[in-house]
1. Hey, how many Å between the Cα centroid of region B:43-99 and the Cα centroid of region B:140-155?
2. For the protein assembly as shown, just the Cα set please: Rg and Dmax, both in angstrom.
3. Do any chymotrypsin sites (Phe, Trp or Tyr not before Pro) in region B:48-130 lie in a DSSP loop with no more than 16 other beta carbon atoms within 10 Å, and if so, which?
4. What would the Debye formula give as log10 I(q)/I(0) at q = 0.10, 0.11, 0.22 Å⁻¹ for the alpha-carbon point model of region A:44-162, no solvent?
5. Kindly provide the helix-only [θ] at 222 nm of the protein assembly as shown, computed as the sum of -39,500 (n - 2.57) over DSSP H runs of four or more divided by all residues, to the nearest 500 deg cm²/dmol?
6. Taking the Cα-to-Cβ direction at B:Leu126 and at A:Ala135 and moving 7 Å from each Cα, how far apart do the two end points lie in nm?
7. Taking Cα pairs under 8 Å and at least six residues apart, what relative contact order does chain A come out at, in percent?
8. Set Lys and Arg Cβ to +1 and Asp and Glu Cβ to -1, take the dipole of region A:6-47 about its Cα centre, and tell me which of A:Leu35, A:Thr46, A:Val25 lies farthest positive.
Amino acid sequence: MPDTLALESEDIRKTFGHFTALAGVTLTVKRGEFLAVFGRNGAGKTTFLKIAATLVRHTHGKLRVEGIDIREEPEKARRHIGFLSHNTYLYRDLSPVENLRFFSRLYGIPDSEERIMALLDRVGLRRRAADPVRAFSRGLHQRLGIARVMLHDPSVIMLDEPYTGLDANAVEILNQILDQAAAAGKTIILTSHDLEQGLRAASRAVVIDRGKIVFEGSPKDSAIRDAYAAYIRVGVAR
Amino acid sequence: MKPVTAIIFKDIVIEMRSKESVSSMLMFGVLVLTIFSFAFEPSSIDRSLIAPGILWVAFSFAAILGLNRSLAMEIDNDCLQGLLLAPLDRGDLYLGKVASNFTFMMIAELIVLPIFVIFNNLKFNLQFLEIAGVAVLGTLAIAAIGSILSTISANTRMKEVMLPVLQIPLTVPVVIASVEATSMVLSGETKGISSWLYLLAGFSIVYLIVSYLVFEFVVEE
C-alpha cells in the first residue's frame with residue numbers, strides 16, 4: 001500500500017445470512033482527502049464505514065487503515081480512527097467531562113484534562129461541562145459526540161450521517177470542525193443523504209448502490225448530481 | 001489494567017447516580033428471604049436444610065436483575081459500540097464488565113447476608129465469614145458467565161427474556177456447588193467442603209478464560 005493512502009479496501013464483501021450488504025467495494029482514500037459517500041437507505045454506506053471502523057467483521061476482502069490491516073491488527077488500526085454515527089455512544093448519566101475522561105482512559109491519553117477542556121470549548125459545551133448528558137438536546141449530544149471522536153486526535157475521521165437531526169447552529173459547528181480537521185491534513189470520510197451538505201467540503205464523491213460503488217468522481221463534476229438523481233432519487237421512486 | 005479500572009470506575013459513578021442496579025438486586029434479595037421465612041414455619045423443619053437454597057435463589061436471581069441493568073446501560077445510545085471503538089483487546093472490556101458486575105452483586109449480597117443471618121437465627125461469627133467466602137466464589141462464577149451472556153442477549157430481540165433463559169441453565173452447577181458449600185458451613189460439617197469450593201473456583205476460571213477469548217466474536221456483528 002503506498003504510504004499516501006489513508007484507507008484502502010479491496011473487494012470488501014459483507015453478507016448477513018442471505019442478505020448481501022456489500023457486494024465487493026474497492027476504494028482508496030488518500031491522506032488528507034475529504035470523501036463524501038452517498039447512497040439511499042440500505043445501499044451499504046453504514047456497513048462499509050462500520051467495517052472500516054472495525055465494528056463489523058467483513059466476509060471477504062482486505063481493508064487497511066493507514067497501512068494497517070484491520071483484521072490482523074484491529075487495536076492498532078483503531079488508534080487512527082475516529083467514528084461518529086447517528087448514535088453518539090455517550091453515557092447519559094455522566095457529564096460531558098466524565099464521558100470524555102472515561103474515553104481518554106480507554107484510549108490511554110496522558111494528561112487529558114487540558115485536551116478535554118479545549119475540545120469542550122471547540123464544540124461550545126464548556127459551560128455545560130458538568131451537566132448530565134441526559135439533559136442534552138440532539139444537537140448538543142452530537143456536538144459532544146464530535147468531541148469524543150476528536151479526543152484521541154485520529155488521522156482518519158469517519159462520519160455516518162452526522163447532520164441527521166442537527167439544528168443550523170450545530171451544523172455550523174460541525175462544519176467548522178470538519179474544515180479545521182481537513183485543513184490539518186486529516187482524512188475525512190462522510191456519508192450523507194444530503195447532496196449539498198455532503199459535497200460542501202468534499203474533494204471526492206462516491207455513490208454506493210446495492211453494496212457496490214456505482215459512481216466515483218469530483219464534487220465539481222455535474223455527473224455526481226446525475227448519479228445522485230439516478231441512484232438515490234430514483235431509488236426513492238422505486 | 002487501566003481500561004478495566006476505567007470501566008469499573010465509570011459503572012460505579014453511573015450506579016451512584018442512578019442507584020438502579022444494587023437497589024433492585026437488594027430489594028429482590030430481601031423480598032425472597034422475607035417470603036421464604038414466612039412460608040416455612042421456623043420450628044417445623046431444620047432450617048439448615050432449606051436456608052442455603054433460599055439464599056442462593058435470592059443471590060442468583062437478583063444477579064440477573066443486576067446483569068440486565070448493566071446490559072441496559074451499554075445498549076442505551078449504543079454505548080457498547082463506543083467501547084468497541086477503543087484500541088483495546090476486547091477481552092479487557094469483558095474483564096471490566098465482569099469486575100463491575102461482580103462488585104455490584106457483592107455489595108447487594110453483603111447487605112442481604114446479615115438479613116439472612118437474622119431470619120435464620122444464626123450468629124455473626126466465623127460461620128458468617130465462611131458463607132461470605134462461598135458467596136464470593138459463587139458470585140464470581142455467576143458474574144463471569146452472566147457478563148458474556150448479557151452481551152450475547154443484547155443482540156437478540158427479547159433481551160431481558162433471553163438473559164435468564166441462557167443464564168439459569170449455565171449457572172445450575174455453580175448454584176448447586178454454592179448451596180452444598182453453604183449447607184456444610186451451616187451444619188458445621190465442613191469435611192469435604194473443599195471439593196465444592198474447588199468446583200466453584202474451577203467454574204469461575206473456565207468461564208473467565210473461555211469468555212475472555214470468545215468475547216471478540218460475541219460483540220462483532
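Read-outs: derived from the displayed coordinates by stated rules, not from any lab. Worth saying up front: this structure is predicted, and the values here are computed from it rather than measured. Because the Cβ atoms are built from the backbone with ideal geometry, glycine has one as well, and the counts that use them run over all protein chains shown.
1. Region B:43-99 and region B:140-155 have Cα centres separated by 7 Å.
2. Just the Cα atoms of the protein assembly as shown yield Rg and Dmax of 26.0, 90 Å.
3. In loop regions of region B:48-130 (DSSP not H, G, I, E or B), the sparsely surrounded chymotrypsin sites (Phe, Trp or Tyr not before Pro) are B:Phe124.
4. -0.32, -0.38, -1.22
5. It lands at -19000 deg cm²/dmol.
6. For B:Leu126 paired with A:Ala135, the spin-label model returns 5.5 nm.
7. The normalised contact order for chain A reaches 28 percent.
8. A:Thr46
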